[in-house]
Structures are given as C-alpha cells and as structure tokens.
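So the structure is just underneath, and the comments pick up after that.
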Amino acid sequence: MSEIALALFVPSQAAGAAGGALAIIELMPVQYKHTLMGPFLKVDLHTVAIAEGVLTFVITFLVLCNILRGPKNALLKNWLLAMTTVVIGFARASYAGPSMNPAIAFGWAYADNRHNTWEQFYVYWVSPFVGGHIISFAIRCYIPRKPEEEATSFHI
C-alpha cells in the first residue's frame, strides 16, 4: 500500500468508525442505551499499553506463521486464523475491552467524547503500532523466505 493510500485509508476508517458509533447511539432504543459502551481501560494505563503491544505481537506472529508456513488446507487455515482472533480478542477484553481495531476504539471514544486523550492515542494506536513493527522485524529475521518468494516481492 502506498503512503498516499495509507494517509487516506487510516483517517477514512477512523471517520467511518466514529460515524458508525454515532449512528448506533442514535438508532439504539432508549431502554437499551445504557448497555452501549466502547472499549475502556480495566487496569492501569501502562499495563494496558504493554498488554496491547504484546498481544498485537502475538496475534501478528500467529497469523503470519499460519499464512507463511501454515497448513495447505484452506479450511484448516481459515479455522486457525479465526481461533487465533477469538482467543486474542478474549485476552484483550480483560485489559482494554474487545476492540482489536484502533479505528473502532477511536469511533467509540469519539462518541463518548474521550477521543482526544493521551490514553486513547497511547493504548489503542501507539502500542499496537510498536508491537506490530517489532514482530515484522522478527519475522524477517527468523523466518527465511522460500527461494521462489525471493524472486517476487509481495506488495499490498
């Protein structure tokens, strides 16, 4: 993905999530509005930030291992990806809610007027970014490319 496309994609996704959260709040029947809430911190700030970074590292590692060196059976591969996502989602829920997408966390924070806090940026954007970059460097070092993969590069 080019830098320009990424510069347009991330804000668009965050704006869409904010619009979706606001729409849900407006359309939810009054008797159920008390049940609506976005992700929130359940432990202290630094513990959540470390947990988000580590869990991003773990889920990215497992997904990449499954994609790069996983089973050949497509059904089994998809089942492993789904189970990985569910398990990591439950692990994250005990720290900062189930949101595994920074844009969705932003959308609910925007709806609750908590979108401009250090907590929002640090936990839901910086920590996953750091965890994802650390695993990308580790994968490049420890999982060598197959000879036929070296001839062609993979671009998103």
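The values are calculated or read from the model by the stated rules, or taken from the named source; none is laboratory data. The model shown is predicted, which means the values in this text are computed figures rather than measured ones. Here the Cβ is made from the backbone with ideal geometry for all residues, glycine too, and neighbour counts use every protein chain on show. Remember, those area values only see protein heavy atoms, side chains included, never the ligands or the DNA or RNA. Shrake-Rupley method; radii C 1.70, N 1.55, O 1.52, S 1.80 Å.
Taking the chain as a Gaussian network of alpha-carbon nodes connected by springs under 10 Å, the highest mean-square fluctuation of the residues Leu62, Leu75, Leu41 belongs to Leu75. In units of the rule-of-thumb radius 2.2 N^0.38 Å, the chain shows an alpha carbon radius of gyration of 1.19. A simple spin-label model places pseudo-atoms 7 Å from Cα toward Cβ; at Leu22 and Trp118 they are separated by 2.8 nm. Residues His115, His133, His46, ordered by accessible area of protein heavy atoms at a 1.4 angstrom probe radius and largest first, appear as His46, His133, His115. A simple spin-label model places the labels of Thr35 and Arg69 4.4 nm from each other, with each point 7 Å out along Cα-to-Cβ. Averaged over its residues, segment 1-104 has an accessible area of 63 Å² per residue, based on protein heavy atoms and a 1.4 Å probe.
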